[in-house]
Amino acid sequence: MKLAFSTLGVPGLPIADVVRLAAEHGYHGVELRAHEEEPVHPGIGLTERADVAAEFKSAGIQILGIAGYARVAAPGADEPVLTEIRGLLELARDLGAPFIRVFPGGGTKQTAEEADATAARRLGTAVEYAGDLGVRILLETHDSHRTGAAATRVLGQVGHRRLGALWDVMHTWLGGEQPSETYAALSPYLGYVQVKDIASAEDTTPLPLGSGVLPLTECVEVLMRNGWDGWLCWEYEKRWYEAAAPLPGLLRPGREHLARLLNESA
């Protein structure tokens with residue numbers, strides 16, 4: 001498997017520094033958080049996009065994905081959501097990233113069936129555009145659809161090769177799924193896996209990998225046992241937890257921990 005980290009862990013860091021961190025600490029790729037707070041988002045121009053792509057390419061680091069915030073099951077009109085997704089897809093194409101991330105984002109006043117239908121309708125439209133651009137949309141296990149079982153209710157309705165799943169191991173664990181259950185649900189759709197660690201279900205402050213309660217060993221074991229050889233991406237949520245330790249000093253031991261899990265599972 002290949003290893004990446006998300007820029008959610010280094011909020012606002014210039015791209016040159018992000019690339020340097022990845023290269024110095026042995027990561028193969030980076031997931032770019034696409035938000036106006038960050039140096040990379042759909043509002044940047046073609047020249048800036050070309051410069052970002054060149055920076056990564058010169059260092060031999062892959063831009064794994066563009067982590068957007070479109071909420072595909074959210075109540076309201078379709079067009080603003082589809083416009084947001086199209087912007088993310090075009091950014092991914094221009095940067096050479098194979099994936100974009102979207103959230104479910106179902107509302108509390110919707111039934112599960114209504115949220116599923118809304119998400120499937122929007123994604124069914126968006127994947128046609130994704131196919132034209134050569135990018136894959138990944139629905140993250142998150143918020144209203146935090147388990148693999150919930151995500152597949154949407155993915156199965158669309159049934160398109162340009163739509164897949166992003167497995168966030170924290171949310172499936174919080175949703176009560178075992179790693180084997182999540183993998184069984186998501187395996188036909190799996191794009192990549194976000195790993196992280198936390199102290200407890202009540203305290204989700206990010207911790208160094210291996211120092212919390214999330215079942216990372218079991219996740220890696222089930223992936224290895226089934227011959228999956230995609231990406232593990234460390235999403236360290238520093239942006240939401242300012243008191244958390246800085247990510248740069250944790251990157252090397254985090255990579256070593258993941259490598260150890262992979263070796264022990266081999």
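Net charge near residue 263, counting Lys/Arg +1 and Asp/Glu -1 over other residues with Cβ under 13 Å of its Cβ?
-1
With a ≥ b ≥ c the root eigenvalues of the C-alpha gyration tensor of the range 59-110, is it rounded (a/c under 1.5), prolate (a/b larger than b/c) or oblate?
oblate
Could you do me a favour and compute the accessible area per residue for the range 2-265, 1.4 Å probe, result in Å²?
41
Write down the percent of antiparallel bridges among all DSSP beta bridges whose residues are both part of the chain, to the nearest 5.
Percent antiparallel among DSSP bridges in the chain is about 5.
Calculate what fraction, in whole %, of the accessible area of the chain sits on carbon and sulfur atoms when a 1.4 Å probe is rolled over the protein chains.
Taking all protein chains in place, the chain shows 50 percent carbon and sulfur surface.
Tell me the relative contact order for the chain as a rounded percent, counting alpha carbon contacts under 8 Å between residues six or more apart.
The value is 19 percent.
Please give the per residue volume of the convex hull enclosing the alpha carbon atoms of the chain, rounded to a whole number of Å³.
About 119 Å³ per residue, rounded to a whole number.
What list of ³J(HN,Hα) values in whole Hz, one per residue of the range 206-219 in order, does the Karplus curve 6.51 cos²θ - 1.76 cosθ + 1.60 (θ = phi - 60°) give from phi, with Gly and Pro shown as x?
x, 10, x, 4, x, 9, x, 9, 6, x, 5, 4, 5, 4
Explain nothing, just the number: dipole magnitude of the chain about its Cα centre with +1 on each Lys and Arg Cβ and -1 on each Asp and Glu Cβ, in debye rounded to the nearest 20.
480
Considering amide H positions built from the backbone, and no H for Pro or chain starts, which residues 5 or more places from residue 194, or on another chain, come under 5 Å of its amide H?
Here the answer is 167, 168, 169, 233, since their amide H atoms fall under 5 Å of that of residue 194.
The values are calculated or read from the model by the stated rules, or taken from the named source; none is laboratory data. This is a predicted model, so every value here is computed, not measured. Reconstructed Cβ throughout: ideal geometry from the backbone, glycine too, with neighbour counts over all protein chains shown. Heads up: the accessible areas ignore ligands, DNA and RNA and are worked out on the full protein's heavy atoms, side chains in. Shrake-Rupley method; radii C 1.70, N 1.55, O 1.52, S 1.80 Å.
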